[in-house]
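First up is the structure itself, then whatever we jot down about it.
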Amino acid sequence: MMVGSIKTDGLRLLKAKPEDITVDLAACAVIVVDMQNAYLSKGGYLDLAGFDRDGAEDVVIAMRHLLADARSADVPIIYLQNGWDPAYREAGGVDSPNQMKSNALRLMRRRPELAGTLLAKGGWDYELRDEIAMQDGDILVQKSRYSGFVNTPLDSILRSRGIKYLLVAGVATNVCVETTIRDAFGLEYHAVLVTDCCHQAGPAYLQDATIYNVETFFGWTCSSRDIANVLRANSQR
């Protein structure tokens with residue numbers, strides 16, 4: 001039996017840490033977290049807020065390869081996109097923790113000339129990087145909080161497709177990526193962090209901290225090359 005062109009006997013051993021994991025490619029999806037200008041591009045929110053972009057472009061390149069391999073194996077790709085309506089009503093009321101802690105919202109309060117430009121739907125900052133644009137068949141889930149599961153249809157989208165294994169990549173490793181993986185764990189998904197397709201917000205040690213957290217408490221980690229070995233083998237079957 002086939003699902004798309006993936007066999008339902010798609011059990012594959014993925015080289016991962018802290019131990020290898022058997023992944024059913026017929027029940028697998030790639031979750032692309034917030035690969036937006038805001039977090040990756042010069043002049044985007046993180047850049048304006050003073051966060052180090054070193055290595056961000058390498059992540060974009062690695063993500064392009066990961067997505068190409070996933071598409072060649074007919075593994076579904078789900079994009080998450082973080083932000084709010086242009087009036088920021090979705091960001092919460094004045095007493096919302098999101099209003100108090102969001103660095104983008106705080107930056108706009110400090111620099112009124114930026115008001116309405118950061119992570120606002122319809123704006124350049126909000127848009128996905130052109131190099132990893134969505135293609136026909138990809139799924140977009142817009143979100144207004146760190147987790148891809150909070151107040152979104154992501155869980156329903158995954159369960160309705162029988163998806164149990166998530167290959168998670170994107171930005172920021174220690175914020176939206178890790179938060180989404182934590183919630184995936186609680187919802188009984190097998191989450192694998194694709195380390196070279198992720199970039200942290202803050203010092204480099206935060207990337208290592210999330211890798212440690214995922215490997216120790218919430219899931220598994222691997223490289224895009226490890227995934228490519230599995231996906232390419234499957235696409236040739």
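Where a number appears in this text, it was derived from the coordinates with a stated rule and is not lab data. Not measured: the values here are computed from a predicted model. Using ideal geometry, Cβ is built from the backbone for each residue, glycine included, and neighbour counts are taken over all protein chains shown.
Computed quantities for the displayed model
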quantity: Set A87, A16, A26, A70: member being small (G, A, S) and either under 16 Å from the mean Cα position of the chain (by Cα) or under 16 Å from H199 (Cα atoms) (or both); calculated: A70
quantity: Positions within the range 216-228 being in contact (Cβ under 8 Å) with a residue 60 or more places away in the chain and surrounded by fewer than 17 Cβ atoms within 10 Å (Cβ to Cβ), in sequence order; calculated: T216
quantity: Boolean, A120 is buried (at least 19 other Cβ atoms within 10 Å of the Cβ), of a type in the set (A, V, I, L, M) and touching a Ser or Thr at 6+ places or on another chain (Cβ under 9 Å); calculated: no
quantity: Scan of the range 192-215 for residues that are of a type outside the set (D, E, K, R), within 21 Å of D69 (Cα to Cα) and touching a residue at least 40 places away in the same chain (Cβ under 8 Å), ordered by number; calculated: V192, V194, C197, C198, H199
quantity: Where a residue in the range 34-49 is at negative phi and among the acidic types (D, E) and its partner, wherever it lies, is surrounded by fewer than 20 Cβ atoms within 10 Å (Cβ to Cβ) and not in a helix (DSSP H, G or I), with Cβ under 9 Å and at least six apart; calculated: D47/R53
quantity: Conditions (1) within 26 Å of V230 (Cβ to Cβ); (2) in contact with a Phe, Trp or Tyr (Cβ under 6 Å, 6 or more places away or on another chain): number failed by A38; calculated: (1)
quantity: Number of the exception - L140 against (1) part of a loop (DSSP other than H, G, I, E, B); (2) among the hydrophobic types (A, V, I, L, M, F, W, C); (3) surrounded by fewer than 19 Cβ atoms within 10 Å (Cβ to Cβ); calculated: (1)
